[in-house]
1. Which one of B:Thr108, B:Ala250, A:Cys347 has its Cα pushed farthest toward the positive end of the charge dipole of the protein assembly as shown, where Lys and Arg give +1 and Asp and Glu give -1 at the Cβ?
2. Please give the helix A:143-155 orientation as an angle from the longest Cα principal axis of chain A, in degrees from 0 to 90, rounded to the nearest 10.
3. Per residue of the stretch B:238-245, what does 6.51 cos²θ - 1.76 cosθ + 1.60 with θ = phi - 60° give for ³J(HN,Hα)? Whole Hz please, x for Gly and Pro, Karplus curve as stated.
4. Cross-link list A:Lys81/B:Lys192; A:Lys136/B:Lys274; A:Lys19/B:Lys186; A:Lys19/A:Lys74; A:Lys45/B:Lys192; A:Lys119/B:Lys274: which exceed 23 angstrom alpha carbon to alpha carbon?
5. Taking the Cα centre of the protein assembly as shown as origin, work out the dipole magnitude from +1 charges on Lys and Arg Cβ and -1 charges on Asp and Glu Cβ, in debye rounded to 20.
6. To two decimal places, what compactness ratio does the stretch A:79-235 give when its Cα radius of gyration is scaled by 2.2 N^0.38 Å?
7. Quote the convex hull volume per residue of chain B, based on C-alpha atoms, as a whole number of Å³.
8. Projected area of the protein assembly as shown, taken from the Cα convex hull and averaged over every viewing direction, in nm²?
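Read the figures in this text as sums done on the coordinates, not as results from a lab. Just so you know, these numbers come straight off a predicted model, no measurement behind them. Glycine gets a Cβ as well: all are built from the backbone with ideal geometry, and neighbour counts include every protein chain shown.
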Amino acid sequence: MRDFKRISVRRMTKRFGDKTAVDDFSIEFGKEEFVTFLGPSGCGKSTALNCITGLIPITSGEIYIDDECIDDAKTSVPPEKREFGMVFQNYALFPHLTVKENVAFGLKLRKLPKTEVEKRVDDALRLVHLEGYATKFPSQMSGGEQQRVAIARCIVLEPRLLLLDEPLSNLDAKLRVELRYELKALHERLKVTTIYVTHDQAEALALSDRIVVLKLGRIQQVGSPQTVFTKPANPFVADFVGYKNAWKGKIEVLKENGGTLGASVRTKGALIETKLSYPEGDPRRDAIIAAYKSGGSVTTAIRPEDIAVIGQGEGAARGEGNVIRCVADLVEYQGHANSISACIKGCEGERVDLHSASDIAFGEAFEACVDPEKVLVFAMPEASPARSAP
Amino acid sequence: MKGRSRNGALLLLIPAIVFLVLLFIYPFGYGLYTSLTKADGSFTFANYIRFFTNERDLRTIGVTLGIAVPVTLLAVGIAVPLCYHMRRGVPGEKIISFFFIVPVTLGTVLISEGMLTFMGPNGWLNQLIMALHLAQKPVQFTHNYAGVAISVGLQGFPYAFLMLLGYISGINPDLEKASQMLGANKWQTFWKVLFPLMVPGIAISFCLNFVMAFSVYPSAVLLGQPSGPQRVIALAAYQWAFEKFNFNAASAISMIMAAIELLVIAVVLAWRSKLYKGASIVGKG
């Protein structure tokens, strides 16, 4: 493998006709890093990946490996010369070749001596726990086994960059988790620089050093799993990482208290008191102060598991703040808790989603409350496409 | 309940079986019987011996193979790269396909008649060639080997094209990407991935084309020299049957035709299974 320090993608854009699939996409990967592109289907994450491999020509922008430009939209190094490896959602094993021949495919193209090919294939198969499968054909194997072969086929070449395009999406739930552990272990061991594409936030959180959240071809946020999970940059990211309760409202009172902001947000369903730990200089803090001053609308974001059911009458004792009065109209038992979807009393169309161990029956009226520290507030209306600096 | 529905399903086979028996097994059996008897119905190998000892008849095998094999190879050989380029669709694909398919619908006679005038010594093609000074005198495309070969090729090519196009566009496009990512260029990807996966399709379309070309008859009569160099085996069978009224001899020739066709198919399928293992078209999972 040719050594390198960084791979940088600069202002990469891909248009198909009028449609912009990847828009002004800039990111740097350090060597040995595991980066995930996370987003819903159609957000351009797979296109971005294919652009980086060179399989899809880019419309504009540049890709560099250290100082070597491998693509500037006019001239590009073809995919087969980039020394990248790619794992596909549907495995894409060569059905006419055995496992061994599949793994040896790239090595043979490099005209390596036969003994070395043998040795490296054996090592790679051992690494993915497929010793003894060498003479099988892909059609004789399960999906999980096939995907291991696909991984072995890439890592045997010691690629500079390993790209995985939703590699676990075709597997059943149990296998998916198993193979996820293995991918993690493999990365710990081999330290191959990796880009991983998924729509599954659990996979992204579990595997990544950094997560890139995408929407409509644009980067919404780049950060560590912890940052993306606890400090989403905008309502879209918040919704995607599980802040399901997004209510629009206006800030009635704003108290600045050192590092925290105490905003009282009047939404249709309830008055939400918040304690936002947005430090001085955080753009979100400035945006909220501006929204308060201009009377602009804001969006609250709360996770279902942060809303608790409280006893009858307890709400009255607490006063108005952060108490939501609602009627359950969907209760799903999910083992560790009930997933409850309820409509807020007196507000047509406003809903609350929460997880609670309490037994709430269908149609039952109850009160719920949320800790002010668990509420996020974003100063932009939900509808406008958010664009934030990474 | 389950048993009944299965019996019901078996009943659905009856039309197919009746069809097969009436239109294939019975005529074939009758032909075999006729070829092994004399006119009075007594058993004999004479019909076969006569064919193999008659130099004029025997050479029809070589003549027909000489047309069928190169023409089929050429048709498949052109169809493979063409389908490769059209595998993801090209602009104007419908029109291109239309012109490839039209010869199938027109029938041999119309094509042959058309070729006689179009490619004849005073036809447009030769006028064009002369006008462009590509040749001093008209090039002979009719009443010779070239005429028969072109006509047979035009007939067979659409089948090869359509079949292979279906085959190659059914190959998972990710396989090509995977091959490229592993370091293969387009050429290597074609020979190491796509071609092996196309082999079953190539084999089948070769067999179909060959069988059609081997039983060539109208093209040879209209565009060749049916009494001499293009006296094909089907013509020999026809002459025995309807000029000499010896159906037993004609049947023997048909049986020999069938045997040669089966032999070639066996060789092609053996080549296929040597080259190809595993499943061809991979979907997901």
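1. Final value for the positive-end residue is B:Ala250.
2. Relative to chain A, helix A:143-155 is tipped by roughly 60 degrees.
3. 4, 5, 5, 7, 10, 9, 9, 6
4. Those over the limit are A:Lys19/B:Lys186; A:Lys45/B:Lys192; A:Lys119/B:Lys274.
5. Dipole size: approximately 1860 debye.
6. Scaled against compact globular proteins, the figure is 1.11.
7. With only Cα atoms used, chain B gives 215 Å³ per residue.
8. Projected over every direction and averaged, the Cα hull of the protein assembly as shown covers 46.7 nm².
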